[in-house]
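The values are calculated or read from the model by the stated rules, or taken from the named source; none is laboratory data. This one's a predicted model, so the numbers in the text were calculated from it and none came from an experiment. Every residue, glycine as well, gets a Cβ built from its backbone with ideal geometry; the counts of neighbours run over all protein chains shown. To get the accessible areas, we keep the full protein, side chains included, count just its heavy atoms, and leave off ligands, DNA and RNA. Shrake-Rupley method; radii C 1.70, N 1.55, O 1.52, S 1.80 Å.
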Amino acid sequence: MLVVIDYNVGNVKSVCNAFRNIGCESKLSCRPEDIEKADGLVLPGVAAFGYAVSALGTLAELVKKLALAGKPLLGICVGYQMLFDQSSEYGPHKGLGLISGNVVPVPDTQVIPHMGWNLVKMPPDMNLFAGLPEEKHFYFAHSFYADVADAGAKIAYTDYGFQLPASVQKGTIYGTQFHPEKSGKAGLNVLKNFAQICEQSPERK
Amino acid sequence: MLTKRIIPCLDVKDNRVVKGVNFLNLRDAGDPVELGKRYSDEGADELVFLDITATIRSRKTIVELVEKVAENVFIPFTVGGGINSVDQIDELLRSGAEKVSLNTAAVQNPNLLSEAAQRFGNQCVVLAIDARRSKERKGHWQVTVKAGSEPTGLDVVEWAVKAEKLGAGEILLTSMDADGTKAGYDNELNKAVSDAVNIPVIASGGAGELEHLYDAVVKGGADAVLMASITHFENYTITQMKEYLASRGIPMNL
């Protein structure tokens, strides 16, 4: 069973709706025992970074511990940004530090927020994108982005006047800056791939 | 490259989609969930649902509607109409809306924009402006509130600039003069606002022909185009709009 971590931020239900639509069971929960038992974790997020971090509270350490032990984790939007070291959104605020890098403002030479459907180039070795074409549009809505500094991370980029990391994978830690749950069929495909990754995970109990 | 967005707008009254001309003479246009799903299947980039009654009773109905839409539609959607507190925003976002649009309440209490942005991020705070062309000052527009019934004396461009600073992440700019006329967007208005701010501007009011959409993007500098009548009454499909714009060199998600 997948657990979508319910930590009092917006849009958590949309992620569960999307999993239900593709026939995957997911549970919305903030209980540590559910989180520990899960085959995989989803950290969603429509919130400001600082609010999201404080709302996650003591669950942060647990999520970090489980992710480091190999339980598949998918962070979405702010949930993805929280995987990094820190963010300067109304901050600085510390993140989970699972992937090296900082969350910084999108340069103001562009319209901000980066809002709408942008084309993501998906490297063939990122299994989150298995079965998808080389490039596809996904829905973005954010003003900050993760400046990835992790040599061990695979990155899919989108072009927003510069190469903006759209999705990152480090081992079984995954993240998307875009919203797969709001990106139509291509997005549902990404969630399906994540569900499959969790099913095949050796961590699965 | 970021694509331009096609956004059908569904004005909702008593759980039905309705559409008027210059905010009056409402016609029934169907069931909001069914219509929303149809537009999403046809390739709409986003949807906007506006509760045009915005009464205490309709508030509950709109939350239920948001839940139903979110179960059936997997593209982003904005909900607006009568929202005036952070708690209401929280409820709507938790019910599945991606963004909320604030209008009258933001004029009455501009701090609501900052409070919402600091809690939810500015990407989910849409400022809706109903603009009426000023008779006295050429090239100026006045902000009107309460579904366009009340002039405020605020200048549209000044208000947009202020709202961006406070925390608005997007502007839904409706020309009340053009709304429902199908005579084209007010691109002088769109240009004035999109030049003055660095957040996305959604052009709204007046779409009747495919060329109007092109003009809003090219002449008006809009990041997205919103329409109601021309999709509800099936003058054009979303696919036709997108193919037309793409054929004229506008980046679209087709």
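Numbers below:
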| item | result |
| --- | --- |
| In the B-A interface, the accessible area buried, summed over both sides, Å² (probe 1.4 Å) | 3100 |
| Cα-derived Rg to Rh of the stretch A:2-199, Kirkwood definition | 0.92 |
| For the protein assembly as shown, with +1 on Lys and Arg beta carbons and -1 on Asp and Glu, the positive-most of B:29, A:21, B:85 along the dipole | A:21 |
| Under 24 Å from the Cα of residue A:185 - lysines, other chains or at least 8 residues apart | A:13, A:27, A:121, A:136, A:154, B:4, B:37, B:68, B:99, B:242 |
| Note, ³J(HN,Hα) from phi for the stretch A:166-178, Karplus 6.51, -1.76, 1.60, rounded to Hz, x at Gly and Pro | 9, 7, 10, 9, 9, x, 9, 9, 10, x, 10, 6, 7 |
| Residues whose placed amide H lies under 5 Å from that of residue B:11, excluding near-sequence neighbours | B:18, B:50 |
| Carbon and sulfur %, accessible surface of the stretch A:2-199 computed with the full protein complex present, 1.4 Å | 51 |
| Cα gyration tensor category, rounded, prolate or oblate, for the stretch A:1-107 with a/c compared to 1.5 | prolate |
| Accessible surface, per residue, of the protein assembly as shown when the full set of protein chains is kept, probe 1.4 Å, Å² | 38 |
| Dipole magnitude of the stretch A:2-199 about its Cα centre (Cβ charges: Lys, Arg +1; Asp, Glu -1), debye to nearest 20 | 320 |
| Residue B:46 long-range amide H proximity, modeled H, under 5 Å | B:6 |
| Radius 15 Å from Cβ of residue B:237, net charge of other residues (Lys, Arg +1; Asp, Glu -1) | -3 |
| Spin-label pair residue B:26/residue B:247, simplified geometry with 7 Å Cα→Cβ offset, distance in nm | 3.7 |
| Heavy-atom accessible surface of chain B: percent carbon and sulfur, 1.4 Å | 47 |
| Hz values of 3J(HN,Hα) by residue in the stretch A:147-160 - Karplus curve (6.51, -1.76, 1.60), Gly and Pro given as x | 8, 6, 10, 9, 5, x, 9, 8, 10, 9, 10, 10, 9, 10 |
| Spin-label model distance (nm) - residue A:22 vs residue A:36, 7 Å beyond Cα toward Cβ | 2.9 |
| Rg to Rh, two decimals, where the protein assembly as shown supplies the alpha carbon set and Rh follows Kirkwood | 0.96 |
| Derived scalar couplings ³J(HN,Hα) [the stretch A:124-134; Karplus, 6.51 cos²θ - 1.76 cosθ + 1.60; whole Hz; x for Gly, Pro] | x, 8, 9, 6, 5, 10, 3, x, 8, x, 4 |
| Heavy-atom accessible area, 1.4 Å probe, ligands and nucleic acids excluded: residues of the stretch A:108-139 down by at least 30 Å² from chain alone | A:111, A:112, A:113, A:115, A:117, A:137, A:139 |
| Dimensionless Rg/Rh of chain B - Kirkwood Rh, Rg from C-alpha atoms | 0.93 |
| Additional length obtainable on full extension of the chain from residue B:84 to residue B:60, 0.36 nm per residue less Cα span | 7.2 nm |
| Interface residues, the stretch B:1-44 - accessible area loss of 20 Å² or more versus chain alone, probe 1.4 Å | B:1, B:2, B:3, B:5 |
| Projected-area average for the stretch B:107-254 over all orientations - Cα convex hull basis, square nanometres | 9.0 |
| For the stretch A:96-205, with +1 on Lys and Arg beta carbons and -1 on Asp and Glu, the positive-most of A:168, A:145, A:103 along the dipole | A:168 |
| Whole-angstrom gap from the stretch B:85-155 to the stretch A:24-77, using each part's C-alpha centre | 33 |
| Length gained when the stretch residue A:109-residue A:185 is fully extended (0.36 nm per residue, less Cα-Cα span) | 24.2 nm |
